[in-house]
Amino acid sequence: MMKIERKAIPVMEGLWKVEADGKPYLIGSRCEACGEVFFPRKKLNFCMQCHEEYLEEIQFSGEGRVLALTKVERQPAGGFYKGAVPYTYGIVQLDEGVNICSQLVDDPVLSVGERVKMVVVKLYEEENNDVMTFKFTAENSLVRGEG
Amino acid sequence: MSQNAKWKDVYVQGASTTKWGFFPNDSTSSMGSAAIVDALKDAQIKWGKVEAVFAGSVYQGTASGHRVVGEIGFTGIPIVNVESACSSGATAFRLAYDSIRLGQYETVLAIGFEKMPRGPIPSTAFPSWQLAMGFNVQPANYALETMEYMHQYGATVEDFARVSVKNRRNGSLNPNARFQKAVSTEEVLQSAMIASPLRLLNCCPLADGAVAMVLTSKPESNRAIRVASSVLVSGVYGEESYQSGITASVHHYPSKGIVEKSAREAFESAGYGPEDIDIVQAYDSMGPGELWDIEKLGFCARGTAPELLREGVFDLTGSLPVNTDGGLLSRGHPLGATALAQIHEIVSQLRGEAGQRQVANPKLGLAHAMGAGPNSAVTILQR
Ligand SMILES: [Zn+2]
């Protein structure tokens, strides 16, 4: 019997990268004309604030704090979400001043204002693949990223 | 904006709504066409007088307005189908209003209808990776803004429960509402958790139904209600718009958002201010949203709506009754029709035809709808 190797694939290409030492970071864009910063990275070289065409790729530190969070108790409509339920998501303000929506690892339980760090973990399994996502977890959490 | 002497005054001459609820045996074309026939009767005009139809819906597919009008009979007039999520009805109204105001037509129809699809609903309002991460949960997106609101202003879950209690009480007086039963604060606080801190009775139910309105520059009855302004704002750069599932992942945020901008434009265009308004239909798809909506529309300072609610200011007998028909929380939320249903309630109140829930002598009313996108639509009506 041939052994099929499991593959880890990102939920979407280009949201994050992992450094040589294993530390993940989010990828965004910055406008060299006005200083605006975007997440995710904008494929189209066009700044939504100043409408110029000077966008460059940047990396975020992957650290920030929780602005708001909610625990979803029921399966979302539409069948798009294949992860575990209940799940927690919220708004994380990255240290670069950008607010992003992210799932949160809420063990230990997180609260508004708390410092969090980014990890890359499994969102769900599909055929022979592990579909991976970024999440944020408490700064002192022992949750280790898997990729 | 209101000073252009060439612009015509626009009036709602006739208005009609179906009941709101789950009607598995009715099609949108049967509900929509029934609403049109009743609106024509209410306006006391013949179908042949209508020069254009603006039709709002969200999930009804291609040429849905044509299917509705087809039941009435094609007469060669243009039928314009519009979709702007939960503000679709107000967008249809706005187009109808403009077409008359600018002198293109004398009499037109604005309609909104919806029949919520069963099973998986294809979503185009979120990018696919956000759908995969489960960010398309509307109560959860409201819960995020709710958390910020609680954190900033000290609002509590009891405050949010009071919104449901008030609106369900109003809804118990509305024979067209999906839910016509009052609820207690305890019932709200003990209902099932949907997305913390929001529970089932903090969330509006969906509904099927239709609403139709005849707009004209030549009103032929003293029941006609003047449209003082109709405004649609679709997005403000950089705003966090949680209720639309949108996080502004940018560095530069605006000081004022989409609701404030739409309200400012509507008041400017109407020549009135918040202090002149007698009744409001606020956007209460989730209970807490009604509170910050009232604040963002300019009726009171940020963070003060919960206290005013406790004092009874927003009750039917208060100084600023809000969601007199029970709001989305009682009436139900037929996505593409919702905003026109709100306008319908203002028309009923200004005509003095709101039955048991009639407010004493209102002269000016405002309706506000939000929609994914985001969209914010404000309509001001005057007796
Ligand atoms: Zn720029």
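The values are calculated or read from the model by the stated rules, or taken from the named source; none is laboratory data. All of these numbers come straight from a predicted model, not from anything done at the bench. Don't worry about glycine lacking a Cβ; one is built from the backbone with ideal geometry, like all the others, and counts go over all protein chains shown. Only protein heavy atoms, including side chains, enter the accessible area calculation; ligands, DNA and RNA are left aside. Shrake-Rupley method; radii C 1.70, N 1.55, O 1.52, S 1.80 Å.
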Exercise. Can you tell me which of B:Ser164, B:Ser196, B:Ser221, B:Ser191 is over 15 Å from B:Met286 (Cβ atoms) and among the hydroxyl-bearing types (Ser, Thr, Tyr)?
Worked result: B:Ser221
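Test A:Cys47 against the stated conditions and say whether it is farther than 24 Å from A:Leu110 by Cα, out of contact with any Ser or Thr (no Cβ under 9 Å at 6 or more places or on another chain) and within 9 Å of the ligand (Cβ to nearest atom).
Numbers: farther than 24 Å from A:Leu110 by Cα: yes; out of contact with any Ser or Thr (no Cβ under 9 Å at 6 or more places or on another chain): no; within 9 Å of the ligand (Cβ to nearest atom): yes.
It is false that A:Cys47 is farther than 24 Å from A:Leu110 by Cα, out of contact with any Ser or Thr (no Cβ under 9 Å at 6 or more places or on another chain) and within 9 Å of the ligand (Cβ to nearest atom).
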Exercise. Can you name the number of the only condition in (1) over 22 Å from B:Ser99 (Cα atoms); (2) out of contact with any strand residue (DSSP E or B) (no Cβ under 9 Å at 6 or more places or on another chain) that B:Ala34 fails?
Worked result: (2)
Problem set entry | A:Glu63 being more than 13 Å from every other protein chain (Cβ to nearest Cβ), more than 8 Å from the ligand (Cβ to nearest atom), in contact with a Lys or Arg (Cβ under 9 Å, 6 or more places away or on another chain) and at negative phi | yes
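The rows are residues; the columns are (1) in a helix (DSSP H, G or I); (2) open to solvent by less than 10 Å² (accessible area, probe 1.4 Å); (3) within 14 Å of chain A (Cβ to nearest Cβ).
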| residue | (1), (2), (3) |
| --- | --- |
| B:Asn170 | yes, yes, no |
| B:Leu201 | yes, no, no |
| B:Gly209 | no, yes, no |
| B:Asn222 | no, no, no |
| B:Ala228 | no, yes, no |
| B:Val236 | no, no, yes |
| B:Lys256 | no, no, no |
| B:Phe267 | yes, no, no |
Exercise. Of the conditions (1) under 14 Å from A:Phe60 (Cα atoms); (2) of a type in the set (Val, Ile, Thr); (3) more than 16 Å from the ligand (Cβ to nearest atom), A:Ile9 fails just one. Which one is it?
Worked result: (1)
Seminar exercise, completed: Counting only residues in region B:269-305 that are buried (at least 24 other Cβ atoms within 10 Å of the Cβ) and over 17 Å from the mean Cα position of the chain (by Cα), the one nearest to B:Arg94 (Cα to Cα) is identified as B:Ala270
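Per-residue answers, yes or no, for (1) among the β-branched types (Val, Ile, Thr); (2) more than 27 Å from B:Gly14 (Cβ to Cβ); (3) outside any loop (DSSP other than H, G, I, E, B):
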{"position": "B:Asp293", "(1), (2), (3)": "no, yes, yes"}
{"position": "B:Cys300", "(1), (2), (3)": "no, yes, no"}
{"position": "B:Gln349", "(1), (2), (3)": "no, no, yes"}
{"position": "B:His368", "(1), (2), (3)": "no, no, yes"}
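Can you tell me how many residues in region A:21-43 are open to solvent by 40 Å² or more (accessible area, probe 1.4 Å), more than 10 Å from the ligand (Cβ to nearest atom) and in contact with an Asp or Glu (Cβ under 9 Å, 6 or more places away or on another chain)?
Total meeting the criteria: 1.
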Exercise. Quick check, is A:Arg74 among the basic types (Lys, Arg), touching a strand residue (DSSP E or B) at 6+ places or on another chain (Cβ under 6 Å) and within 13 Å of another protein chain (Cβ to nearest Cβ)?
Worked result: no
